[in-house]
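Structure first, then comments.
The values are calculated or read from the model by the stated rules, or taken from the named source; none is laboratory data. Fair warning: this is a prediction, and the values are worked out from it, not measured in the lab. Cβ placement follows ideal geometry from the backbone for every residue including glycine, while neighbour counts extend to all protein chains displayed. For accessibility, only protein heavy atoms count, side chains too; no ligands or nucleic acids. Shrake-Rupley method; radii C 1.70, N 1.55, O 1.52, S 1.80 Å.
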Amino acid sequence: MLPLPAVPVDRRFLLTAVLPTLTLSGSLLLLWGYAHGLADTLAGWGRLDAGTRWLRCAGFAVAIGLLSLLTSAVQPRLLALFSGEWPTRVGRALAGWRAGAHRARLRELAVQAGPGSAVRVGRVRRALREVYPSPALPDEVLPTRLGNVLRHAEQYPRRQYGMDPVVVWPRLQPLVAEPSLVSLAAARTNLVLLITLSSAGAVFAVASAVVMLGWGGPLRSLAVCLLAGLGVAVLAQRAAVSAAAHYSLHLKVAFDLYRHSLLQQLGLEPPESLDAEIALWERLVRFWDAGIHYDLPEEAP
C-alpha cells in the first residue's frame, strides 16, 4: 500500500494502535479475572494499599503504550498478511490455491460481462472495476479479496496513464490538495483500524482457548469466548474489504486530478492526447526508476 504523510499522526495512532491494544488488553484482563473468580479478584484488589494500586495502574498504562507502539510497527506486516503475502511453505501453497480460485472467478466475471441482464451485467462490471485486477494480468491476482481490491488500485494508474504508482506517488503526494489528502488518510486509517481489530479478535480467541483449557473452565464459557473473538475477527475483516475499496477510490481520484500538476512542477506541459501522455509517463518512470534518460518529442513548428 502506498505511503501517506502523518496527517494527523496523534489521532491515527490513537485509533489504529492504542484503541485496539486497550480493548484487547482489557478483554484479556476480564477473562483472567473470570478464570480466577471475579469476586476474589476484586477482593484482592481492594486489599491493596493505594500506592500499590497506583503503581499497578501506571505499569498497565506503560504496557499499553509499549504494546501500542509495537502494534503500530507491525501494522504494515498485518496488511501484507491480509492481502495474501504468506511467507511460509504452507502459506505459499495455500496462497497459490486461493489465487487460482480468484483467477477462475475473474475469468467467469469476464465472460458474464457480455450481453445479458442490465442489473447482472452492471454488478459484474462493478466487480471488475473495483474488486479484481485486470483480466489481462491474471498473474497479478492475489489470494484474498482485500488484496485484490488494493491490487486493482495499484493497476489503475498503470492501465490508465502508463504510471508505476510506487515510483510516481512519492512525487505526486506533496501536490495533492489538503482536503483530498485528509480524505485519503482517513480512508487508510479506517482500513488499518479494521485489520488491527480483526487481528485482535483472533488473538483473543486463541488466548481465551488457552486460558479456559488451562483453567479447566466450562465449555460454554469457552464457546462464548471463541465465538466472540472469531466473530470480531471475521466481521472486521469483511468490513476491511469495503474500507479498502473506499481507500482505493480516493487513491485513483488523486492520480486523476493531480497528475498534470506534477508535470507542470517538472516544467512539462501536459500532452494534448492521452496516448502522448501515456508515452510521456512511461519515459518519466523509466528515468526515475532505472535512470534511463528520456527525450521529449519536439513541438511542431
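Restricting to the range 248-260, count the residues that are farther than 14 Å from residue 176 by Cβ and open to solvent by less than 40 Å² (accessible area, probe 1.4 Å).
Our first condition is that a residue be farther than 14 Å from residue 176 by Cβ; within the range 248-260, this holds for 248-249.
Within this subset, residues satisfying the condition of being open to solvent by less than 40 Å² (accessible area, probe 1.4 Å) are 248.
The qualifying residues number 1.
What single numbered condition from (1) free of Cβ contacts under 8 Å to residues at least 40 places away in the same chain; (2) in contact with an Asp or Glu (Cβ under 9 Å, 6 or more places away or on another chain); (3) not charged (D, E, K, R) fails to hold for residue 226?
(2)
Out of curiosity, is residue 167 in contact (Cβ under 8 Å) with a residue 24 or more places away in the chain, of a type in the set (A, V, I, L, M) and within 23 Å of residue 274 (Cβ to Cβ)? Show your work before the answer.
Values: in contact (Cβ under 8 Å) with a residue 24 or more places away in the chain: yes; of a type in the set (A, V, I, L, M): yes; within 23 Å of residue 274 (Cβ to Cβ): yes.
Yes, satisfied.
Report yes if residue 199 is touching a residue at least 24 places away in the same chain (Cβ under 8 Å), among the hydroxyl-bearing types (Ser, Thr, Tyr) and buried (at least 20 other Cβ atoms within 10 Å of the Cβ), otherwise no. Steps first, answer last, please.
Working: touching a residue at least 24 places away in the same chain (Cβ under 8 Å): yes; among the hydroxyl-bearing types (Ser, Thr, Tyr): yes; buried (at least 20 other Cβ atoms within 10 Å of the Cβ): yes.
When the stated conditions are applied, residue 199 passes them.
Among the residues in the range 197-208, are any among the β-branched types (Val, Ile, Thr) and under 15 Å from the mean Cα position of the chain (by Cα)?
First, pick out the residues of the range 197-208 that are among the β-branched types (Val, Ile, Thr): 203, 206.
The next check asks that each one be under 15 Å from the mean Cα position of the chain (by Cα); those that pass are none.
Scanning the range 197-208 turns up no residue that is among the β-branched types (Val, Ile, Thr) and under 15 Å from the mean Cα position of the chain (by Cα).
Determine which member of the set 44, 59 is free of Cβ contacts under 8 Å to residues at least 12 places away in the same chain and surrounded by 12 or more Cβ atoms within 10 Å (Cβ to Cβ). Break it down stepwise before answering.
Details: 59 fails: surrounded by 12 or more Cβ atoms within 10 Å (Cβ to Cβ).
Result: 44 is the single residue among 44, 59 that is free of Cβ contacts under 8 Å to residues at least 12 places away in the same chain and surrounded by 12 or more Cβ atoms within 10 Å (Cβ to Cβ).
Pull up the range 163-174, narrow it to residues that are among the hydrophobic types (A, V, I, L, M, F, W, C) and open to solvent by less than 50 Å² (accessible area, probe 1.4 Å), then point me to the one that is nearest to residue 263 (Cα to Cα). I'd like the intermediate steps shown before the answer.
The initial filter retains those residues of the range 163-174 that are among the hydrophobic types (A, V, I, L, M, F, W, C), namely 163, 166-169, 172.
Next, only the ones that are open to solvent by less than 50 Å² (accessible area, probe 1.4 Å) stay: 163, 167-169, 172.
On the way: 163: 12, 167: 14, 168: 11, 169: 13, 172: 9 Å.
My answer is 172.
Suppose the filter is touching a residue at least 12 places away in the same chain (Cβ under 8 Å) and either under 27 Å from residue 222 (Cβ atoms) or surrounded by fewer than 14 Cβ atoms within 10 Å (Cβ to Cβ) (or both); does residue 52 pass it? Outline the logic, then answer.
Values: touching a residue at least 12 places away in the same chain (Cβ under 8 Å): no; either under 27 Å from residue 222 (Cβ atoms) or surrounded by fewer than 14 Cβ atoms within 10 Å (Cβ to Cβ) (or both): yes.
In short, no.
For the range 135-152, enumerate the residues that are among the hydrophobic types (A, V, I, L, M, F, W, C), over 17 Å from residue 96 (Cβ atoms) and part of a loop (DSSP other than H, G, I, E, B). Break it down into steps so the answer makes sense when it comes.
Quick first cut of the range 135-152, residues among the hydrophobic types (A, V, I, L, M, F, W, C) only: 136-137, 141-142, 146, 149-150.
Adding the requirement that they be over 17 Å from residue 96 (Cβ atoms) leaves 136, 146, 149-150.
Answer for the range 135-152, where residues must be among the hydrophobic types (A, V, I, L, M, F, W, C), over 17 Å from residue 96 (Cβ atoms) and part of a loop (DSSP other than H, G, I, E, B): just 136.
Determine whether the range 2-22 contains at least one residue that is within 30 Å of residue 221 (Cβ to Cβ) and more than 29 Å from the chain's Cα centre (by Cα).
Taking the range 2-22 and keeping what is within 30 Å of residue 221 (Cβ to Cβ), we get 17-22.
Imposing the further condition that a residue be more than 29 Å from the chain's Cα centre (by Cα) reduces the set to none.
No, the conditions are met nowhere in the range 2-22.
Does residue 263 count as modelled with pLDDT under 95, within 18 Å of residue 164 (Cα to Cα) and open to solvent by 60 Å² or more (accessible area, probe 1.4 Å)?
Numbers: modelled with pLDDT under 95: yes; within 18 Å of residue 164 (Cα to Cα): yes; open to solvent by 60 Å² or more (accessible area, probe 1.4 Å): no.
So residue 263 fails the test.
With respect to residue 116, determine if the residue is over 26 Å from the mean Cα position of the chain (by Cα), of a type outside the set (A, V, I, L, M) and either part of a helix (DSSP H, G or I) or at pLDDT below 85 (or both). It would help to see each step written out before you state the result.
Values: over 26 Å from the mean Cα position of the chain (by Cα): yes; of a type outside the set (A, V, I, L, M): yes; either part of a helix (DSSP H, G or I) or at pLDDT below 85 (or both): yes.
Criteria met by residue 116.
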